[in-house]
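Written below as structure tokens is the structure these notes are about.
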Amino acid sequence: CHLIHYLRLSHHLIVLNYLICTFDKLKSVSSEDINITDAVFDGVEVRVFEPPATRDERLKRSVVYIHGGGWALASARTSLYNNLCRIMAESLNAVVVSVEYRLVPEVCFPEQFHDALRATKHFLQPDVLAEYSVDPSRIAISGDSAGGNLAAAVCQQLSKDEHLTIRPKLQALIYPVLQAFDFNTPSYQQNMNMPVLPRYVMINYWIDYFNGNYDLAHSLLINNHTALDVGQALSFRGRLNWTSLLPSSFKKNYKPVIQTTGKAEIIQEIPALLDVRAVPLLAENETLQLQPKTYILTCENDVLRDDGVMYAKRLENAGVEVTLDHFDDCFHGCMIFTIWPTDFSAGIQTRNSYIKWLDENL
């Protein structure tokens, strides 16, 4: 990918996603038990997984699912997510709506957020729910990684929308990416070179999402953008103090990286670094108090571990009922790896735990 980018043959993310989807895209073919159809919700493509109608014809539960991939990769139609959503629909006897939001570099923030929000709000309309025989009181919004970011941001936005009559009952976030304020949390330091998602890769995903300049990567890595002399960041510092939000077992012997002097121009160039629609962990307490019952899955071998743990703690402090499901021996992205040749026990373990929580709470 770096060679492609250097040679300017195309944007490296376009090429990588083309390769992923070329080898992995499924046609919209329904299984015996689940009807799979593609639709458009308020201009946004979605894939809908529907269990067969039952004799008692009761309304079904539902999950709006937003896939991961750094806001740039994968698809609701790839076999990994197609398989996950089909199994969710079967196991929960639920209608699953998988959102096919537009990707970087075709669009950048806030368009991915807007796509996810538009599709979700469209689905929450009473007539649309009735069309799919969905119980308005039993809807969850969920996503993994960058999809978890979008799910959390959408859930926050829905909670503040006074015109909505139907809101999600639950949110379920799978190793979500929730902040770009501090790239030196204990999990970022501990797992900086961990395969699948090293720290520099996550920083590059953020830069791509914000359509920023790669020259800023090193400054972000050492937290120059949130130094003590960067006035725009001061009001957010108390909302992301990992020394108070993380348990001692996660903090270990790691030390905070707080620069005295930094580069305020970074925030001026990329104001989205402090936009709660992109970084839901920085939301004010008044917004967090409005969030529904929440499930957050985290993995020890993941730079994003502390994002999820800190969000769980902030929600808990705001009075929200939270289940933090932590896996000591798992890694970022593991839940979708359940199909040969990447069928890992970590994927089965995390997926089963996630679906079990949804089944018990939705």
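The values are calculated or read from the model by the stated rules, or taken from the named source; none is laboratory data. Since the model is a prediction, treat every value here as computed from it, not as a measurement. Cβ: placed from backbone, ideal geometry, glycine included. Neighbour counts: every protein chain shown. The protein model used for the area step is the full one, side chains on, heavy atoms only, and it has no ligands, DNA or RNA in it. Shrake-Rupley method; radii C 1.70, N 1.55, O 1.52, S 1.80 Å.
Dimensions of the stretch 167-244 along principal axes (Cα, Å, largest first)?
40, 33, 27
Treating cross-link reach as a plain straight distance, find the aspartates and glutamates whose alpha-carbon is under 14 Å from the alpha-carbon of K169, omitting any fewer than eight places away in the same chain.
D135, E321, D359, E360
Can you list residues whose amide H is under 5 Å from E45's amide H, if they're 5+ apart or on another chain and H is modeled 1.01 Å from N?
It is E100, by chain and number.
Post the alpha-carbon centroid distance, the stretch 63-125 to the stretch 47-61, in whole angstrom.
20 Å
Which residues among the stretch 264-283 fall inside the zone where the amide N is under 19 Å from a point 7 Å beyond the Cα of N213, along Cα→Cβ?
So the set is 264-274.
Hey, what did the stretch 221-274 get for relative contact order, percent, Cα under 8 Å, at least 6 apart?
56 percent
No solvent, one uniform scatterer per C-alpha: report log10 I(q)/I(0) for the stretch 276-319 via the Debye equation at q = 0.21 1/Å, two decimals.
Results for the stretch 276-319 at q = 0.21 Å⁻¹ read -0.69.
Which Rg and Dmax, in Å, describe the Cα atoms of the stretch 224-327?
14.6, 40
With a cap of 11 neighbouring Cβ atoms within 10 Å, and only residues DSSP puts in a loop, list the GluC sites (Glu not before Pro) found in the stretch 93-198.
Passing sites in the stretch 93-198 are E162.
Using alpha carbons only, what's the Rg to Rh ratio of the stretch 293-362 with Rh from Kirkwood?
So for the stretch 293-362, dividing Rg by the Kirkwood Rh gives 1.01.
Between L59 and E131, what is 0.36 nm times their sequence separation minus the Cα-Cα distance? Round to one decimal in nm.
Full extension from L59 to E131 adds 24.9 nm.
Treating the angle as unsigned and between 0 and 90°, give the value, to the nearest 10°, between the Cα long axis of helix 79-92 and the longest Cα principal axis of the chain.
Taking the Cα atoms of the chain, the angle to 79-92 is about 60 degrees.
Nearest 10 degrees is fine. How inclined is helix 199-209 to the longest principal axis of the chain, computing both from alpha carbons?
It is inclined by approximately 70 degrees.
Percent antiparallel among DSSP beta bridges with both residues in the chain, to the nearest 5?
35 percent
What is the percent carbon and sulfur in the accessible area of the chain, measuring with a 1.4 Å probe over the protein chains and ignoring ligands?
After summing per-atom areas, the C and S share lands at 51 percent.
With contacts defined as alpha carbon pairs under 8 Å and 6 or more residues apart, what's the relative contact order of the chain in percent?
16 percent
What share of all Cα pairs of the stretch 107-221, in percent, falls into each consecutive 5 Å distance bin?
2, 10, 18, 19, 16, 12, 9, 7, 5, 2, 0
Given a 1.4 Å probe, how much area per residue of the chain is accessible, in Å²?
It amounts to 42 Å² per residue over the chain.
Which three semi-axes in whole Å describe the equivalent ellipsoid of the chain, each the square root of 5 times a Cα gyration tensor eigenvalue, listed largest first?
32, 23, 20
Determine the calculated [θ] at 222 nm for the chain from helices alone, applying -39500 (n - 2.57) to every DSSP H run no shorter than 4 residues and normalising by the residue count; nearest 500 deg cm²/dmol.
Helix-only estimate at 222 nm: -11000 deg cm²/dmol.
Given Cα positions, please report Rg to Rh for the stretch 212-277, the hydrodynamic radius being the Kirkwood one.
That ratio is 1.00, to two decimals.
Nearest 10 degrees is fine. How inclined is helix 345-361 to the longest principal axis of the chain, computing both from alpha carbons?
70 degrees
On a C-alpha basis, how far is the centre of the stretch 170-233 from the centre of the stretch 246-302 in Å? Whole number, if you could?
Their Cα centres are 9 Å away from one another.
I need the peptides 237-244, 120-127 ranked by packing, meaning the mean over residues of other C-beta atoms within 10 angstrom, with the highest value on top.
The packing order, highest mean first, is 120-127, 237-244.
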